[in-house]
Amino acid sequence: MSVMKDTDLRVLTVDGGARGHGLHCSIRKSPRVSRAFCTPGNGGIPDPDRRSVKDTDIDGIVRLAQDLQIDLVVVGPEAPLVAGIVNRLRAVGIAAFGPTADAAVLEGSKIFTKAFCRRHKIPTAAFRIIRNFEQAETAIKESGFLVVKADGLCAGKGVTVAKTEAGAIEAARALLVDNIHGPAGSSILIEECLTGRECSIMAFCDGHNAVLLPPARDFKRAEEGDRGPNTGGMGCYAPLPDVDDALLARIKDEIIMPTLRGMAEAGTPYHGLLYAGIMLTKQGPMLIEYNARFGDPETQTVLPLIESDIVEYMLGTLELSGLTKLPPLKLKPLVAVCTVLASNGYPGKYETGFPITGIEETSSMKFFHAGTVRSPALVTSGGRVLSCVGLGENFSIARERSQRGADFATFSNKFYRSDIAANA
Ligand SMILES: Nc1ncnc2c1ncn2[C@@H]1O[C@H](COP(=O)(O)OP(=O)(O)OP(=O)(O)O)[C@@H](O)[C@H]1O
Ligand SMILES: [Mg+2]
């Protein structure tokens, strides 16, 4: 694609969250980019850059990209990727950063990915594929596996890590009998429960090669001490002191590279950003899941650590082996801590429309917007409202900066976890 050589690029980011704000900020700074847009964006995106087409409206995004004469579309969330937005954009001659639908299946079907891991000997939890409730009941009792997962996309709500056999059977019933996630849960997995620390490994992929971003760790539970309900992510830190270069190389060799080889052999090479959720077990790193896109809050945590121009690497993913022409990713000698500011009640019901003040940034502390809107003053509009990212030479400095920002930002019903990266 000619876009590889171009400067003066016009880039459209498709995302409404803090991940999208983070991507837009990095893309705007690229010397290759003359104009950057974001849709649907949020109150953090400057008005002239912002458009209002929703990320699920694929026809609308294709039309918008054509109207704006976009050279490269960067897709944030999984739903449009799995639905084939990259195929649709390519069909009208517009380059898109992300996998085509038949490669995004690595996120779109957890059953596909587990069977793929088995074929390619990629380390992952033992599992059974289940098609009906009777089968689930028998298999849970026989195997003792307590992790229950819907096959398809459930916006982060399709996984239950049960404590008891009865709990696992209930979770299977909710999916297979009560259809709480509709067709996404009509086939399920049951898995062995792994123990260890988790890490998020994100990699630019060009079908054959991978360039890994700094490893990150997110905090999914709503309350301090990892209690309370699961959320989209309440905080994050990177890079990880417990994931050194040797371990990173092992994750690349044992998990990422066999995946790229397997996908290429199947005629569905993986281009874009591959996110591996990894459990660091006593037996070594094991794959928990793949996502076909950047993580949130991992992205807004990791991007400020990258010295290189990420647009170069996004362009490098478009052609087979396109990344081999690029130098290794250059990182700043810093660490990052991200604290997510949310509305009381999130991930359940919450109120919105509260004025936001006190979000002055410094060179080492930045706010990325999620549920905010300008009307015309800045007000809250979502569950996760802001990500406050502190940078520093070590975690105690970065953490203090992130927390100072989180504390200083003011809106009614604000809550955040103050224990992010406490044990980094
Ligand atoms: N086999 C397992 N053993 C132990 N914990 C697990 C296992 N599988 C999943 N989990 C836990 O459940 C969480 C969610 O699982 P998974 O990442 O597969 O779901 P997801 O809904 O696709 O998540 P995301 O929204 O991050 O994409 C994991 O981060 C991990 O904490
Ligand atoms: Mg997932």
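The values are calculated or read from the model by the stated rules, or taken from the named source; none is laboratory data. Predicted model only: the values in this text are computed from it and were never measured. For neighbour counting, all protein chains shown are included, and Cβ atoms are generated from backbone atoms with ideal geometry for every residue, glycine included. For the accessible areas, the whole protein counts, side chains as well, though only heavy atoms, and no ligand, DNA or RNA atoms are used. Shrake-Rupley method; radii C 1.70, N 1.55, O 1.52, S 1.80 Å.
Here is how the numbers come out for the structure above:
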{"quantity": "Matching residues in region 42-68 - criterion: being in contact with a strand residue (DSSP E or B) (Cβ under 8 Å, 6 or more places away or on another chain) and either touching a residue at least 60 places away in the same chain (Cβ under 8 Å) or outside any helix (DSSP H, G or I) (or both)", "calculated": "ASN42, GLY43, GLY44, ILE45, ASP47, ARG50, ARG51, SER52, VAL53, LYS54, ASP55, LEU68"}
{"quantity": "Options LYS149, LYS114, LYS141: the member that is open to solvent by less than 50 Å² (accessible area, probe 1.4 Å) and over 19 Å from ILE251 (Cβ atoms)", "calculated": "LYS149"}
{"quantity": "Which listed residue, of THR160, THR138, is away from ligand 1 (no atom under 15 Å from the Cβ) and assigned by TED's automatic domain parsing to the domain that holds ASN179", "calculated": "THR138"}
{"quantity": "Filter pass, THR39 being without any contact (Cβ under 8 Å) to a residue 60 or more places away in the chain, more than 25 Å from VAL340 (Cα to Cα) and outside any helix (DSSP H, G or I)", "calculated": "no"}
{"quantity": "Selection count, region 76-112, where residues are among the charged types (D, E, K, R), within 19 Å of LEU320 (Cβ to Cβ) and touching a strand residue (DSSP E or B) at 6+ places or on another chain (Cβ under 7 Å)", "calculated": "1"}
{"quantity": "Filtered residues of region 82-138 (kept if among the acidic types (Asp, Glu) and within 17 Å of GLY185 (Cβ to Cβ))", "calculated": "GLU107, GLU134, GLU137"}
{"quantity": "From the options ALA155, ALA166, ALA171, residue that is among the small types (Gly, Ala, Ser) and touching a strand residue (DSSP E or B) at 6+ places or on another chain (Cβ under 7 Å)", "calculated": "ALA171"}
{"quantity": "Every pair of residues 6+ apart whose Cβ atoms lie under 6 Å, when the first sits in region 373-390 and is within 27 Å of TYR237 (Cβ to Cβ) and in the same structural domain as TYR346 (by TED's automatic domain parsing) while the second is surrounded by fewer than 20 Cβ atoms within 10 Å (Cβ to Cβ) and modelled with pLDDT of 95 or more", "calculated": "THR380/THR352; THR380/PHE354; SER381/THR352; SER381/VAL373; GLY383/TYR350"}
{"quantity": "Spans of strands (runs of 3 or more DSSP E) in region 152-213 with at least 3 residues open to solvent by less than 20 Å² (accessible area, probe 1.4 Å)", "calculated": "188-191, 197-206"}
{"quantity": "Cβ-Cβ under 6 Å pairs, at least 6 apart or on other chains, region 122-146 side at pLDDT 95 or above, far side among the acidic types (Asp, Glu) and within 16 Å of ligand 2 (Cβ to nearest atom)", "calculated": "ALA125/GLU191; PHE127/GLU191; PHE145/GLU191"}
{"quantity": "PRO304 being more than 16 Å from ligand 1 (Cβ to nearest atom), in contact (Cβ under 8 Å) with a residue 60 or more places away in the chain, in the same structural domain as ALA246 (by TED's automatic domain parsing) and under 27 Å from GLU361 (Cα atoms)", "calculated": "yes"}
{"quantity": "Only listed residue being surrounded by fewer than 19 Cβ atoms within 10 Å (Cβ to Cβ) and either of a type in the set (Gly, Ala, Ser) or at pLDDT below 95 (or both), chosen from GLY93, GLY76, GLY108, GLY98", "calculated": "GLY93"}
{"quantity": "Leading residue by the ranking (farthest from MET202 (Cα to Cα)) among those in region 218-240 that are touching a strand residue (DSSP E or B) at 6+ places or on another chain (Cβ under 9 Å) and not in a strand (DSSP E or B)", "calculated": "ASP226"}
{"quantity": "Residue list for region 263-301, restricted to those being open to solvent by less than 30 Å² (accessible area, probe 1.4 Å), of a type outside the set (Val, Ile, Thr), assigned to a strand (DSSP E or B) and within 11 Å of ligand 1 (Cβ to nearest atom)", "calculated": "TYR275, ALA276, GLY277, MET279, LEU287, TYR290, ASN291"}
{"quantity": "Tally, over region 12-36, of residues that are farther than 17 Å from LYS54 by Cβ and part of a loop (DSSP other than H, G, I, E, B)", "calculated": "3"}
{"quantity": "Sole exception among (1) open to solvent by 10 Å² or more (accessible area, probe 1.4 Å); (2) over 22 Å from ASP206 (Cα atoms); (3) assigned to a strand (DSSP E or B) for ALA246, by number", "calculated": "(3)"}
{"quantity": "Only listed residue being more than 29 Å from THR268 (Cβ to Cβ) and polar (S, T, N, Q), chosen from THR113, THR138", "calculated": "THR138"}
{"quantity": "Meets criteria (hydroxyl-bearing (Ser, Thr, Tyr), open to solvent by 40 Å² or more (accessible area, probe 1.4 Å) and either in a strand (DSSP E or B) or touching a residue at least 40 places away in the same chain (Cβ under 8 Å) (or both)) for TYR350", "calculated": "yes"}
{"quantity": "Residue within region 273-284 that is away from ligand 2 (no atom under 16 Å from the Cβ), modelled with pLDDT under 95 and either among the polar types (S, T, N, Q) or farther than 20 Å from GLY17 by Cβ (or both) present", "calculated": "no"}
